[in-house]
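Below you'll find the structure, written out as structure tokens, and then a few comments.
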Amino acid sequence: MKELVEYIAKSLVDDPSQVDVTEINKSSFVVLELRVAPEDMGRVIGRNGRVANAIRTLLRVPAARQGKRVNLEIV
């Protein structure tokens, strides 16, 4: 799941070298923290959070296959 978020974020931003994804595993819950350059935050979040919600929706599929829940936090 970490690689999926990294791939999507790098394709959206102007500076892909600033993309950093941290995965925090808990028992049946995974938290993914996405960090990008400050000038690219708007691209990752999108208007009214649409891009961020789309990424979260895409993450639910592999998480459900693994029997886990996932949360994406844009830091």
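The values are calculated or read from the model by the stated rules, or taken from the named source; none is laboratory data. Please read all numbers here as calculations on a predicted model, not as lab measurements. No Cβ is skipped: glycine too gets one built from the backbone with ideal geometry, and neighbour counts run over all protein chains shown.
Given GLY67, GLY46, which one is more than 17 Å from MET1 (Cα to Cα) and modelled with pLDDT under 95?
Exactly one residue qualifies, and that residue is GLY46.
Out of all the residues in the stretch 1-36, which are surrounded by fewer than 16 Cβ atoms within 10 Å (Cβ to Cβ) and among the small types (Gly, Ala, Ser)?
SER11, SER17, SER27, SER28
Filter the stretch 44-57 down to the residues that are part of a helix (DSSP H, G or I) and either surrounded by fewer than 15 Cβ atoms within 10 Å (Cβ to Cβ) or in contact with a Gly (Cβ under 7 Å, 6 or more places away or on another chain) (or both) and list them by number.
Across the stretch 44-57, the qualifying residues are ARG47, ASN48, GLY49, ARG50, ALA52, ASN53, ALA54, THR57.
So, in the stretch 8-40, how many residues would count as being more than 19 Å from ARG69 (Cα to Cα), touching a strand residue (DSSP E or B) at 6+ places or on another chain (Cβ under 7 Å) and among the hydrophobic types (A, V, I, L, M, F, W, C)?
Summing the residues that are more than 19 Å from ARG69 (Cα to Cα), touching a strand residue (DSSP E or B) at 6+ places or on another chain (Cβ under 7 Å) and among the hydrophobic types (A, V, I, L, M, F, W, C) in the stretch 8-40 gives 1.
Just to be sure I understand the filter: pairs with C-beta atoms under 8 Å, separated by 6 or more residues or on different chains, first member in the stretch 35-51 and acidic (Asp, Glu), second member part of a helix (DSSP H, G or I). Which pairs pass?
If the second residue must be part of a helix (DSSP H, G or I), the pairs left are ASP40/LEU12; ASP40/GLN18.
Mind checking which pairs have a first residue in the stretch 54-65 that is free of Cβ contacts under 8 Å to residues at least 60 places away in the same chain and aromatic (Phe, Trp, Tyr) and a second that is outside any helix (DSSP H, G or I) and surrounded by 13 or more Cβ atoms within 10 Å (Cβ to Cβ), Cβ under 7 Å, 6 or more apart or different chains?
So the pair list comes out empty.
So which residues in the stretch 10-34 are more than 10 Å from LEU72 (Cα to Cα), touching a residue at least 40 places away in the same chain (Cβ under 8 Å) and not in a loop (DSSP other than H, G, I, E, B)?
Scanning the stretch 10-34 gives a single hit, PHE29.
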